[in-house]
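K.L.:
Input: one structure, supplied below.
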Amino acid sequence: MAKTVVVYFSGYGHTRRVAEEVALGAGAESVVIDEQGEISPEAFAALDAADAIIFGAPTYMGGAPWQFKKFADASSKAWFTRAWQDKVFGGFTVSASLNGDKQVTLIYLQTLASQHGGIWVSLGQLPSNTQAATRADLNSLGGSVGLLAQGPSDAGADAIPRGDLESARLYGARVASVAARLRG
């Protein structure tokens with residue numbers, strides 16, 4: 001099995017909830033970016049040793065929050081040494097709105113993975129885009145680059161739609177499966 005690490009920042013608990021489901025699907029460990037945008041040297045070592053890394057960040061004001069960006073900037077040492085070269089990457093984002101410019105955050109995460117020389121894994125789920133579709137269906141927000149999830153601003157993480165959480169588990173499993181196949 002591929003060693004997968006989910007690294008994420010969560011301001012209000014919604015992204016943490018989705019990260020838990022992604023990690024469950026991937027059989028992954030999680031690294032939490034703290035309120036100051038920091039992770040420990042041991043967490044960086046876990047990322048260096050991983051076969052796959054899954055980035056997670058909420059979408060605030062049309063992009064990833066500064067805490068995630070600080071972590072990304074701190075990853076420049078790994079970039080310079082190519083420590084994450086040819087690793088498998090994925091990413092997810094959560095915001096209160098159904099769209100809320102989530103695609104911008106996913107493209108940022110994908111670009112970060114590409115800067116590290118990584119191999120990006122798309123969501124791989126058809127959108128639920130029929131008239132009969134509900135928020136309980138898989139990929140009800142219609143993502144393709146990575147996982148999109150919604151956490152209502154007036155409710156806790158327990159209000160994240162069931163379809164988003166199931167999509168998260170399946171995406172985690174997909175990223176880990178691709179990494180395992182590439183490992184040989």
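The values are calculated or read from the model by the stated rules, or taken from the named source; none is laboratory data. Since the structure is predicted, the reported quantities are computational estimates derived from the model, not experimental observations. Every residue, glycine among them, receives a Cβ derived from its backbone with ideal geometry; neighbour counts consider all protein chains shown. Protein only, heavy atoms only, side chains kept; ligands, DNA and RNA dropped before computing areas. Shrake-Rupley method; radii C 1.70, N 1.55, O 1.52, S 1.80 Å.
K.L.:
Considering only the stretch 143-152, how many residues are assigned to a loop (DSSP other than H, G, I, E, B), open to solvent by 20 Å² or more (accessible area, probe 1.4 Å) and modelled with pLDDT of 95 or more? Even if it seems obvious, please write down each step before you answer.
P.N.:
Of the residues in the stretch 143-152, the ones assigned to a loop (DSSP other than H, G, I, E, B) are 143-146, 151-152.
Pick out the ones that are also open to solvent by 20 Å² or more (accessible area, probe 1.4 Å) and you get 144-145, 152.
Pick out the ones that are also modelled with pLDDT of 95 or more and you get 144-145.
Number of matching residues: 2.
K.L.:
Do we have any residue at all in the stretch 87-96 that's more than 24 Å from Ser177 (Cα to Cα), in contact (Cβ under 8 Å) with a residue 12 or more places away in the chain and charged (D, E, K, R)? Outline the logic, then answer.
P.N.:
Residues of the stretch 87-96 that are more than 24 Å from Ser177 (Cα to Cα), as a first pass: 95-96.
Then drop every residue that is not in contact (Cβ under 8 Å) with a residue 12 or more places away in the chain, which leaves 95-96.
Narrowing the set further to residues that are charged (D, E, K, R) leaves none.
The answer is no, given that none of the residues of the stretch 87-96 is more than 24 Å from Ser177 (Cα to Cα), in contact (Cβ under 8 Å) with a residue 12 or more places away in the chain and charged (D, E, K, R).
K.L.:
Somewhere in the stretch 102-110, is a residue open to solvent by less than 60 Å² (accessible area, probe 1.4 Å), at pLDDT 95 or above and in contact with an Asp or Glu (Cβ under 9 Å, 6 or more places away or on another chain)?
P.N.:
No, the conditions are met nowhere in the stretch 102-110.
K.L.:
Restricting the first residue to the stretch 49-62 and requiring it to be touching a residue at least 24 places away in the same chain (Cβ under 8 Å) and open to solvent by 20 Å² or more (accessible area, probe 1.4 Å), which pairs with a second residue that is assigned to a loop (DSSP other than H, G, I, E, B) and among the aliphatic types (A, V, I, L, M) meet a Cβ separation below 8 Å and a spacing of at least six or different chains?
P.N.:
Taking only residues 6 or more apart or on different chains, the pairs are Asp51/Ala2.
K.L.:
Being outside any loop (DSSP other than H, G, I, E, B), open to solvent by 20 Å² or more (accessible area, probe 1.4 Å) and either under 20 Å from Gly100 (Cα atoms) or among the aliphatic types (A, V, I, L, M) (or both) is true for just one of Ala155, Ala168, Ala180, Ala132. Which residue is that?
P.N.:
Working: Ala155 fails: outside any loop (DSSP other than H, G, I, E, B); Ala168 fails: open to solvent by 20 Å² or more (accessible area, probe 1.4 Å); Ala132 fails: outside any loop (DSSP other than H, G, I, E, B).
Exactly one of Ala155, Ala168, Ala180, Ala132 is outside any loop (DSSP other than H, G, I, E, B), open to solvent by 20 Å² or more (accessible area, probe 1.4 Å) and either under 20 Å from Gly100 (Cα atoms) or among the aliphatic types (A, V, I, L, M) (or both), namely Ala180.
K.L.:
Which of the numbered conditions does Lys87 fail, given that it passes all the others? Conditions: (1) open to solvent by less than 40 Å² (accessible area, probe 1.4 Å); (2) out of contact with any Asp or Glu (no Cβ under 9 Å at 6 or more places or on another chain).
P.N.:
It is condition (2) that Lys87 fails.
K.L.:
Could you pull out the residue among Phe71, Phe44, Phe89 that is more than 11 Å from the chain's Cα centre (by Cα), under 26 Å from Ala157 (Cα atoms) and modelled with pLDDT of 95 or more?
P.N.:
Checking each option against the conditions leaves just Phe71.
K.L.:
Check whether at least one residue in the stretch 5-14 is out of contact with any strand residue (DSSP E or B) (no Cβ under 8 Å at 6 or more places or on another chain), of a type in the set (Gly, Ala, Ser) and modelled with pLDDT of 95 or more, and report yes or no.
P.N.:
Residues of the stretch 5-14 out of contact with any strand residue (DSSP E or B) (no Cβ under 8 Å at 6 or more places or on another chain): 13.
Checking which are of a type in the set (Gly, Ala, Ser) leaves us with 13.
Next, only the ones that are modelled with pLDDT of 95 or more stay: 13.
Scanning the stretch 5-14 turns up at least one residue that is out of contact with any strand residue (DSSP E or B) (no Cβ under 8 Å at 6 or more places or on another chain), of a type in the set (Gly, Ala, Ser) and modelled with pLDDT of 95 or more.
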